Amino acid sequence: MAYREFDAPEISRRSLLRGGAWLTAGAALAAAPMGRVGFAQALSEASPAWPHVQAMIDKYVGGRKLANMVAALGWGEAEPTYLARGDLALGSGKRAGPDSLYRIYSMTKPITGMAAMILIDEGKLGLDQPIAEILPAFSNMMVQKTYDGSVTDLEPAERPITVRQLLTHTAGLGYGIVQKGPIREMYAKYGISPGQVSRLPIPGLGRDEAIAGLDKFANNLARLPLVLQPGTKWSYSVGLDLMGRVIEVASGMPFDEYLRTAIFEPTGMNSTWFRVPQSEVGRFTTNYGILGGNLLPLDPAGASVYLDKPAFPFGGAGLVSSARDYDRFLTMLLGYGMIDGRRVMSEAAVKLGTSNLLPETATTKGTWIDGQGFGAGGRVQDGAYGWGGAAGTVALVSYKAGLRATMMTQYMPSEAYPIHEGFPKAVMADLAAMQGA
């Protein structure tokens, strides 16, 4: 059963699968005058507790606002410091830790983005290649004349959709969690619902069913009008889900298998899946809805929709991972493609993917990333790259500070608590304290 929306006012439709907003706090963290210098690890050893981050965790978990929080903070390639508190589910007595499993939702997008960058580096894709060369169904796209308006009053696309546009949410594609009106209804009708929350009959939780098969998803999407002209504006979309189909055609492998062989296995991410194995349910967290200040189980671990095979591997929102695994991904990025002496990506591919890839023709005015950049599936600003997820998770790398930072927790909507903004702020405060020590 896929997501739709909650009728309860505390949970908004746009929060589901939303990419998070580390915004100004993340930019300030990136700009912290630490530099990529050798004394960074010494600073972390001198002050290993990260008191501001720990205080944040204590506030939310100690106050029973959240069931658990796990942070991973690391310098360069050094082992991370883990801060953890709480249980996998309220009252379970099973402590959360680095290997606990979390629904990372839109933190899937940077992983999909980097998979695309590998193929671009190998010459199997072009950054500015029209996707119609790979998926011919996207050859003659039509566009709504009025954003979220009529689905019959259309005009031809002025330019082709490109790989760059899919990676940066500038392809003109819509999103069921963003659009309104007739186009929103068409997305539901055609199964363009690349995400899931629960398979339990929770009052107020609508169920847009995703069409089965990534190929069918792509073909159905090609039949629907675009909401904006390609390359004109940043608009959060199903672009990274469609990128999954582009990746599997370009690579000749199923998308999930490509991620496993190209990224997960060589990076040492052995706890990241689109479907949680039954053998691992014992370390899976419960996802909660924040309703009237109370925690309502939306997706209990033992009855989770993530125990079922998904309609297809959702490249924009489908992965479950752990703090340890996502830190491995960030370690690889911070090492410019290297981890534990192994090369997963080329240095050039990482540098390009974590740079601002927005088309020159696209505006960000009035959007979530107004005045900022966007790379391969993640926000880019002042030497930092990362994104967040609908259930409160957030992660980033700061190349200027030589730092990687991940926060895992589970609640919806993500804006119920300011964790996407608060976590980078807490990290920045600890950095400032280290510098002053």
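Listed by first and then second residue, the pairs with beta-carbon distance under 8 Å, at least 6 apart or on different chains, first residue in segment 389-412 and of a type in the set (D, E, K, R), second assigned to a strand (DSSP E or B) and open to solvent by less than 10 Å² (accessible area, probe 1.4 Å), are Lys400/Ala384; Arg404/Ala72; Arg404/Leu73; Arg404/Gly74; Arg404/Ala395; Arg404/Leu396; Arg404/Val397; Arg404/Ser398.
Number of residues in segment 391-437 that are aliphatic (A, V, I, L, M) and in contact with a strand residue (DSSP E or B) (Cβ under 7 Å, 6 or more places away or on another chain): the value is 13. Would you be able to say whether some residue in segment 158-174 is at pLDDT 95 or above, open to solvent by 10 Å² or more (accessible area, probe 1.4 Å) and among the hydroxyl-bearing types (Ser, Thr, Tyr)? Yes, because at least one residue in segment 158-174 is at pLDDT 95 or above, open to solvent by 10 Å² or more (accessible area, probe 1.4 Å) and among the hydroxyl-bearing types (Ser, Thr, Tyr). Screening the candidates Asp340, Asp325 for the property of being surrounded by 20 or more Cβ atoms within 10 Å (Cβ to Cβ), out of contact with any strand residue (DSSP E or B) (no Cβ under 6 Å at 6 or more places or on another chain) and of a type in the set (Asp, Glu) yields one hit, Asp325.
When segment 385-414 is filtered for residues that are under 16 Å from the mean Cα position of the chain (by Cα) and either small (Gly, Ala, Ser) or surrounded by fewer than 20 Cβ atoms within 10 Å (Cβ to Cβ) (or both), the ones remaining, listed by number, are Gly386, Gly388, Gly389, Ala390, Ala391, Gly392, Ala395, Ala405, Ser414. Taking (1) touching a strand residue (DSSP E or B) at 6+ places or on another chain (Cβ under 7 Å); (2) open to solvent by 50 Å² or more (accessible area, probe 1.4 Å); (3) not hydroxyl-bearing (Ser, Thr, Tyr) in turn, Lys124 satisfies each apart from (1). Number of residues in segment 197-256 that are of a type in the set (Gly, Ala, Ser) and open to solvent by less than 10 Å² (accessible area, probe 1.4 Å) equals 6.
Checked against the criterion of being of a type in the set (D, E, K, R), under 29 Å from Lys365 (Cβ atoms) and not in a loop (DSSP other than H, G, I, E, B), segment 165-181 contains not a single residue that satisfies it.
Condition check ((1) touching a residue at least 60 places away in the same chain (Cβ under 8 Å); (2) closer than 30 Å to Val350 by Cβ) across all residues:
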| position | (1), (2) |
| --- | --- |
| Ala210 | yes, no |
| Gln229 | yes, no |
| Lys233 | yes, yes |
| Glu265 | no, yes |
| Gln278 | no, no |
| Val281 | no, no |
| Gly318 | yes, yes |
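Would you check if there is a residue in segment 157-165 being touching a residue at least 24 places away in the same chain (Cβ under 8 Å) and either within 26 Å of Met412 (Cβ to Cβ) or hydroxyl-bearing (Ser, Thr, Tyr) (or both)? Checked segment 157-165: at least one residue is touching a residue at least 24 places away in the same chain (Cβ under 8 Å) and either within 26 Å of Met412 (Cβ to Cβ) or hydroxyl-bearing (Ser, Thr, Tyr) (or both).
Yes/no matrix, rows are residues, columns are (1) in contact (Cβ under 8 Å) with a residue 60 or more places away in the chain; (2) in a loop (DSSP other than H, G, I, E, B):
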position	(1), (2)
Leu83	no, no
Gly86	no, no
Asp99	yes, yes
Tyr102	yes, no
Ser106	yes, no
Lys109	yes, no
Met114	yes, no
Leu119	yes, no
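The values are calculated or read from the model by the stated rules, or taken from the named source; none is laboratory data. Worth saying up front: this structure is predicted, and the values here are computed from it rather than measured. Because the Cβ atoms are built from the backbone with ideal geometry, glycine has one as well, and the counts that use them run over all protein chains shown. All accessible areas refer to the heavy atoms of the entire protein, side chains included, with ligands and DNA or RNA removed. Shrake-Rupley method; radii C 1.70, N 1.55, O 1.52, S 1.80 Å.
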